[in-house]
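Data first, discussion second: the structure below is written as structure tokens.
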């Protein structure tokens, strides 16, 4: 009897493993790059709501130009309403992407170009994305100024 139970457990485990392998919907690196591009396009559109909807409801934003954490969708929209006044666009200078079955992390360095002032600001970033059904949402976004004496681009 014990041998039969072990055989069933082993067989069931194999079936589950095979099903997970065939259902694996991991993103490609290019898909994760496109998530950043969509965020950057939302910045350039100048609408704080378009940026905020890219974040999951229970996500955390640690923004570049503020020491205040943003947790709620309203707090994120408020931050972006001020940030977007500078008319930012971001250029990735270096990135490393890690991908799991339903999560991905895009981390690196980017430079913001603020069209309103012409200022270039270098920052470090990490975006953590989680798949919510068929849609990827930002669940954690940390951005901070490069901690060198002069974080402005030369």
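Just so you know, all these numbers are worked out from the coordinates, no wet-lab data involved. Just so we're clear, the structure is a prediction, and the values are computed from it rather than from any experiment. Note that we place each Cβ from the backbone using ideal geometry, even for glycine, and neighbour counts take in every protein chain shown.
Numbers for the structure displayed
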read-out	value
The range 38-142 shape via C-alpha gyration tensor axes, a/c threshold 1.5	oblate
Order of 136, 39 - criterion: other Cβ atoms within 10 Å of each residue's Cβ, fewest first	39, 136
Exposure proxy order (Cβ contacts within 10 Å, fewest to most) of 68, 76	68, 76
